[in-house]
Amino acid sequence: MKLKESNYFVPVLKEGATYYGGHQEWLKELGLSKFFRDRACVVTAFTNTYLYLYHKDEIFTLEEYNAYHYEFFKKLRPHANGVPTVLALDRRSKRIITERNLKLNSHLMEDFMFKKKSKNQKIDFINEALYRDLPVIFINWLSPEVKVMSHHGVTITEFNDMGDHHELVISSWGRPYRVDFNQFERQSRTYSGLIYFERKDYGIS
């Protein structure tokens with residue numbers, strides 16, 4: 001299953017290159033310190049999601065992307081631990097939803113060390129969102145074997161059944177990464193969470 005525009009997910013033009021979604025380091029252009037840039041991954045994932053939902057067919061300059069990026073950073077307010085959970089993101093995103101008068105419903109699933117969801121539950125959750133052309137934000141803490149997912153928040157654009165394993169395609173640091181979901185699931189983890197937002201209107205925001 002994949003987003004309709006998974007091949008060109010939130011294209012951002014920067015110095016002659018086209019990026020696959022945003023990069024949290026771009027907030028340096030607006031004077032944000034490295035401390036907060038390092039903790040802004042979920043802000044970037046939310047920015048990607050918003051732009052896909054409301055401006056799907058557009059190509060963005062760095063300046064255009066960063067205007068949304070920085071606005072959402074100020075509303076989502078990452079702390080020392082960033083935006084640590086999908087529940088925290090859901091709560092903090094209400095500031096953006098209210099201010100922009102958006103009609104969005106959120107759907108989330110959390111997976112704790114001692115209260116786990118099954119792999120199939122997570123597969124069904126991700127596929128349901130992608131089938132409806134809705135990006136999924138994935139927040140994870142420890143990931144000793146899949147480094148790209150360690151203490152990170154990303155946007156899922158594809159979830160592919162490869163026969164012997166499932167493959168996630170994610171937007172992270174402005175490029176696509178492919179993650180073996182079965183390997184990810186086998187490793188020891190303390191928390192991971194999934195959230196997607198569903199538009200309930202068809203207006204322009």
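The values are calculated or read from the model by the stated rules, or taken from the named source; none is laboratory data. Model, not experiment: these values are computed from the prediction. No Cβ is skipped: glycine too gets one built from the backbone with ideal geometry, and neighbour counts run over all protein chains shown. Heads up: the accessible areas ignore ligands, DNA and RNA and are worked out on the full protein's heavy atoms, side chains in. Shrake-Rupley method; radii C 1.70, N 1.55, O 1.52, S 1.80 Å.
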Unmet criterion (only one of (1) closer than 17 Å to residue 135 by Cα; (2) under 16 Å from the mean Cα position of the chain (by Cα)) for residue 76: (1)
Residue list for the range 180-200, restricted to those being open to solvent by 30 Å² or more (accessible area, probe 1.4 Å) and farther than 19 Å from residue 85 by Cα: 180, 183, 186, 199, 200
The range 180-205, subset among the polar types (S, T, N, Q) and more than 29 Å from residue 55 (Cβ to Cβ), residue modelled with the lowest pLDDT: 188
Pick from the range 22-52, criterion in contact with a Ser or Thr (Cβ under 9 Å, 6 or more places away or on another chain) and over 12 Å from residue 72 (Cβ atoms), ranking: most open to solvent (accessible area, probe 1.4 Å): 23
Condition broken by residue 108, with the remaining ones in (1) open to solvent by 40 Å² or more (accessible area, probe 1.4 Å); (2) assigned to a loop (DSSP other than H, G, I, E, B); (3) under 19 Å from residue 189 (Cα atoms) satisfied: (2)
Positions within the range 8-21 being under 15 Å from residue 153 (Cα atoms) and surrounded by fewer than 20 Cβ atoms within 10 Å (Cβ to Cβ), in sequence order: none
Leading residue by the ranking (most open to solvent (accessible area, probe 1.4 Å)) among those in the range 157-179 that are modelled with pLDDT of 95 or more and not in a strand (DSSP E or B): 173
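Please tell me if residue 92 is more than 12 Å from the chain's Cα centre (by Cα), surrounded by 18 or more Cβ atoms within 10 Å (Cβ to Cβ) and in a helix (DSSP H, G or I).
Working: more than 12 Å from the chain's Cα centre (by Cα): yes; surrounded by 18 or more Cβ atoms within 10 Å (Cβ to Cβ): yes; in a helix (DSSP H, G or I): yes.
The answer is yes for residue 92.
Given the residues 136, 154, which is the only one that is touching a Leu at 6+ places or on another chain (Cβ under 6 Å) and modelled with pLDDT of 95 or more? First the steps, then the outcome.
Numbers: 154 fails: touching a Leu at 6+ places or on another chain (Cβ under 6 Å).
Sole residue among the options that is touching a Leu at 6+ places or on another chain (Cβ under 6 Å) and modelled with pLDDT of 95 or more: 136.
To keep it simple, each residue is scored yes or no on (1) within 17 Å of the chain's Cα centre (by Cα); (2) of a type outside the set (Asp, Glu); (3) under 24 Å from residue 26 (Cα atoms).
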{"position": "121", "(1), (2), (3)": "no, yes, no"}
{"position": "127", "(1), (2), (3)": "yes, yes, no"}
{"position": "148", "(1), (2), (3)": "yes, yes, yes"}
{"position": "180", "(1), (2), (3)": "no, no, no"}
{"position": "188", "(1), (2), (3)": "no, yes, no"}
Residue in the range 108-115 that is free of Cβ contacts under 8 Å to residues at least 24 places away in the same chain and not hydroxyl-bearing (Ser, Thr, Tyr) present: yes
Index of the failed condition, residue 58 passing every other in (1) assigned to a helix (DSSP H, G or I); (2) closer than 25 Å to residue 105 by Cβ; (3) of a type in the set (Asp, Glu): (1)
Members of the range 63-89 found to be open to solvent by 20 Å² or more (accessible area, probe 1.4 Å) and either at pLDDT 95 or above or closer than 20 Å to residue 18 by Cα (or both), listed by number: 63, 64, 67, 68, 70, 71, 73, 74, 75, 84, 85, 87
Complete set of residues in the range 6-25 that are free of Cβ contacts under 8 Å to residues at least 60 places away in the same chain and under 17 Å from the mean Cα position of the chain (by Cα): 7, 8, 11
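Tell me whether the range 135-153 contains one or more residues that are open to solvent by 40 Å² or more (accessible area, probe 1.4 Å), outside any loop (DSSP other than H, G, I, E, B), over 29 Å from residue 13 (Cβ atoms) and out of contact with any strand residue (DSSP E or B) (no Cβ under 7 Å at 6 or more places or on another chain). Break it down into steps so the answer makes sense when it comes.
Here is the first cut: in the range 135-153, the ones open to solvent by 40 Å² or more (accessible area, probe 1.4 Å) are 141-142, 144-145, 147, 150-151.
The next check asks that each one be outside any loop (DSSP other than H, G, I, E, B); those that pass are 147.
Next cut, over 29 Å from residue 13 (Cβ atoms) only: none.
No, the range 135-153 has no match at all.
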